[in-house]
Structures are given as C-alpha cells and as structure tokens.
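Take a look at the structure set out below.
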Amino acid sequence: MHNLDRTRQRCVVALGFAQGGRRGLEQFVRGQSLVGKVGVVVTAVRGGDLPGEIRIVVQGIPHHYLAYAVEPLPAGAQVLVIHFRGTRQVDVEPWPPIAADHTTTG
C-alpha cells in the first residue's frame, strides 16, 4: 500500500470520529471484511447458540464481537472468523498459533 493511500485511510477514520464519534469508526470497520481475521476469546464461547466474546485488532484498534462456535472455546484461545453475521456478531472456529520453531520442508 502506498503511503498516500495510508494517509487517506487515516483521514477517513479521523473524519468518522469527527462526524459520528465512535459510530463513524464502527461503520468504517464494518465495511472491511472480518472473515479471515484472527482474534482472541475474551469471554468463553459456550458453543452452539450460546455466544462468547472475542477481540479482534483492526488497524491497531481492538474491537469486541459476540462470537458463536460449534464447540466451546476457552478464554484466551485464538480463533479464526469464518462468517460475519452483522451487528457485531461473528462465527468462529479454533485457530492454533504457529509455533516459533515452525519450519517448512519442500
């Protein structure tokens, strides 16, 4: 991404704050795709129709979402967003972190 593009994005975020406070920022984040982002479980996801809470950092700002998963996930687990339901709700699945000594073979 070119530096000028980054500056334009920051201006859009700043304008959102000026015009609508935090709501302006939420609309900006909502416009981005959360699918494929990795987050951390803050409040345990109980599984099925019983949500928990996750935190996802988007452009350096943490955002919290209600999260649903097929199976229970403990607090502190890393998760992958697989579906955005709208209104700050997402579907997630477990996402194991890559070990520090991870190597590839070929």
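The values are calculated or read from the model by the stated rules, or taken from the named source; none is laboratory data. A quick note: this is a predicted structure, and the numbers were derived from the prediction, not measured. Note that each Cβ is placed from the backbone with ideal geometry, even for glycine, and that neighbours are counted across all protein chains shown.
Some notes on this structure:
- Filtered by the rule that a residue be under 10 Å from Val40 (Cα atoms) and not β-branched (Val, Ile, Thr), region 51-72 gives Glu53, Arg55, His64.
- A single member of Gly36, Gly52, Gly48 is buried (at least 19 other Cβ atoms within 10 Å of the Cβ) and in contact with a strand residue (DSSP E or B) (Cβ under 9 Å, 6 or more places away or on another chain), and it is Gly52.
- If you go through region 58-80 and keep only what is β-branched (Val, Ile, Thr) and at pLDDT below 95, you end up with Val58, Ile61.
- Qualifying positions in region 71-85 - free of Cβ contacts under 8 Å to residues at least 40 places away in the same chain and either loosely packed, with under 15 Cβ neighbours inside 10 Å or not in a strand (DSSP E or B) (or both): Glu71, Pro72, Pro74, Ala75, Gly76, Ala77, Arg85
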